[in-house]
1. With the calculation restricted to Cα positions, what are the radius of gyration and Dmax of segment 96-254 in angstrom?
2. What full-extension length gain, to one decimal in nm, is calculated for residue 223 and residue 120 as 0.36 nm per residue of separation minus the Cα-Cα distance?
3. From the cross-link list 226/292; 39/68; 51/292, which pairs have alpha carbons spaced over 20 Å apart?
4. State whether segment 196-242 is rounded, prolate or oblate according to the following rule on the C-alpha gyration tensor (a ≥ b ≥ c being the square roots of its eigenvalues): a/c under 1.5 gives rounded; otherwise a/b larger than b/c gives prolate, and the remaining case gives oblate.
5. Mean separation of Cα pairs under 8 Å and 6+ residues apart, divided by the residue count of segment 171-309: what relative contact order is that in percent?
6. Assuming 0.36 nm per residue, please report the length gained on full extension of the stretch residue 230 to residue 56 beyond their Cα-Cα distance.
7. Taking 0.36 nm per residue of sequence separation and subtracting the Cα-Cα distance, how much length would be gained by fully extending the chain between residue 301 and residue 189, in nm to one decimal?
8. Among 301, 268, 116, which comes first, then next, by fewest other beta-carbon atoms within 10 Å?
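Where a number appears in this text, it was derived from the coordinates with a stated rule and is not lab data. The shown structure was predicted, so the numbers you read here are calculated from the model rather than taken from an experiment. As a convention, Cβ positions derive from the backbone with ideal geometry for all residues, glycine included, and neighbour counts pool all protein chains shown.
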Amino acid sequence: MKARFTLKQLLVATLLIAASTSLRASDTPSEVITVSTAKACSGLVETWIKKYTEQHPEVQIRVVNDGKGEADLTLTQASTEADKEAEGNVAYVGRYALLPVTTTGNPLYEQINRRRFDKKELKRLFFQNDVVQEVEEGKKKDALRDGLTVYSAMGRTSGAQVFASHFGYRPSQIRGKRIAGDDIHLLTAIGKDRTGITFNTTAYLFDLQSRKLKPELSVLPLNLKKDQEQILRSGNLDETLRLLEDAEIDLIPLQTIGFVYRDKAPVRDFLQWVVSEGQQYNHASGFLTIDKKTEQKEQKRLSRLLSDR
């Protein structure tokens with residue numbers, strides 16, 4: 001028997017097919033943004049992407065390994081004013097801190113713990129002596145310095161540049177051993193070599209789930225105000241981040257991170273969201289928020305760019 005369809009049935013079927021096609025089209029992101037980031041910041045960047053695309057399903061944001069500078073967004077750090085100017089279009093979105101650490105298994109752990117390191121002592125501990133220091137100190141021995149091995153990482157995204165620059169040195173002047181790869185490997189190095197000390201970001205030093213300092217790690221005691229010292233000794237990530245946001249502590253390097261971006265409307269929309277709503281996720285990933293002055297400046301600049309499009 002041949003099936004017969006009325007005009008009404010054919011019309012209904014046509015409308016259903018059209019509606020289904022329209023729904024599939026609306027589910028397909030109309031904008032694609034590519035992002036390149038260092039491993040240390042990948043957790044934070046992925047959180048921003050997840051939260052933003054939940055609110056804006058029409059946008060697809062993909063993390064890419066980009067060695068050619070072709071991504072729409074590239075996370076970077078500017079160490080000097082000259083670097084900031086050279087980067088061109090950059091929006092600052094967060095900060096990280098570098099803390100000096102060793103392990104509780106270090107044979108000099110008790111001796112380290114009795115000290116309160118000031119800036120001069122940190123320089124002596126982590127950096128090579130210059131000619132003047134060698135002449136002034138002669139053959140004077142420093143058992144603590146001589147008994148510790150400094151580990152630092154190589155590479156453009158390493159914290160070595162930030163740490164050295166903060167204390168007035170170049171990365172090549174950090175004494176001890178250098179390792180290749182991401183800064184996370186520094187923790188492996190001092191875990192194997194019990195004489196090791198290093199510096200690393202709060203995102204790597206703390207367990208992001210428990211919010212506590214990772215097992216066997218110990219922050220070197222610094223010459224700080226009593227309440228500040230107690231917070232660092234507590235090994236609590238959230239208290240540490242709040243302390244570093246509220247107080248300027250010269251012994252702890254802070255570094256601003258930002259996205260170098262292509263001037264496209266969807267990219268600017270995403271950046272404006274990161275600077276405003278996205279800041280609430282920085283602490284969860286072990287990063288500091290940008291300071292209020294920078295936040296206001298970035299929001300004003302991005303809003304102006306959006307209004308001009």
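1. Rg then Dmax for segment 96-254, in Å: 15.1, 49.
2. 36.0 nm
3. 226/292; 51/292
4. Here segment 196-242 falls in the oblate category.
5. 20
6. Roughly 58.4 nm would be gained on extension.
7. Separation in residues times 0.36 nm, less the Cα-Cα distance, equals 36.0 nm.
8. In increasing order of surrounding Cβ atoms, one gets 116, 301, 268.
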